[in-house]
1. Filter segment 6-56 down to the residues that are within 14 Å of Arg85 (Cα to Cα), over 16 Å from the mean Cα position of the chain (by Cα) and surrounded by 12 or more Cβ atoms within 10 Å (Cβ to Cβ) and list them by number.
2. Mind checking which residues of segment 9-38 are charged (D, E, K, R) and in a helix (DSSP H, G or I)?
Amino acid sequence: MTDNNFDGVYFSPAAATDAAGRLDALAQRLEQDLQTSKTALTVPAAGTDEVSVRAAHTMNDVAGSFSTSADAGVLELQKLAASLRAQVTHFGRVESENSTGIEQARSV
């Protein structure tokens, strides 16, 4: 037999806001690191022969694909942080409306 001690759901706006700030900071660090390392991802051809040129082209294509995906990841982190902030604002508004409704009901 299991013991279910569920006390409900608790939402901490301060913790959620802090998490959103941390996500933004992570996105900013990642974006800066990606910008700094972009030149390191570019591979010049070792020679003018077809194999060297093709190998460099392939590696640069992979680097471009990586950069595109990493940039999309940064954007997703930023969107997640913005969504979390919006949820904090919405939750606060709903809580305020609920408490106002309760107070009005008590005064009737």
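1. Pro13
2. Pass one, segment 9-38, residues charged (D, E, K, R): 18, 22, 24, 29, 31, 33, 38.
Scanning segment 9-38 gives Asp18, Arg22, Asp24, Arg29, Glu31, Asp33.
Rule-based calculations on the coordinates, nothing more; no lab input. Fair warning: this is a prediction, and the values are worked out from it, not measured in the lab. Positions of Cβ are backbone-derived with ideal geometry, glycine not excepted, and every protein chain shown enters the neighbour counts.
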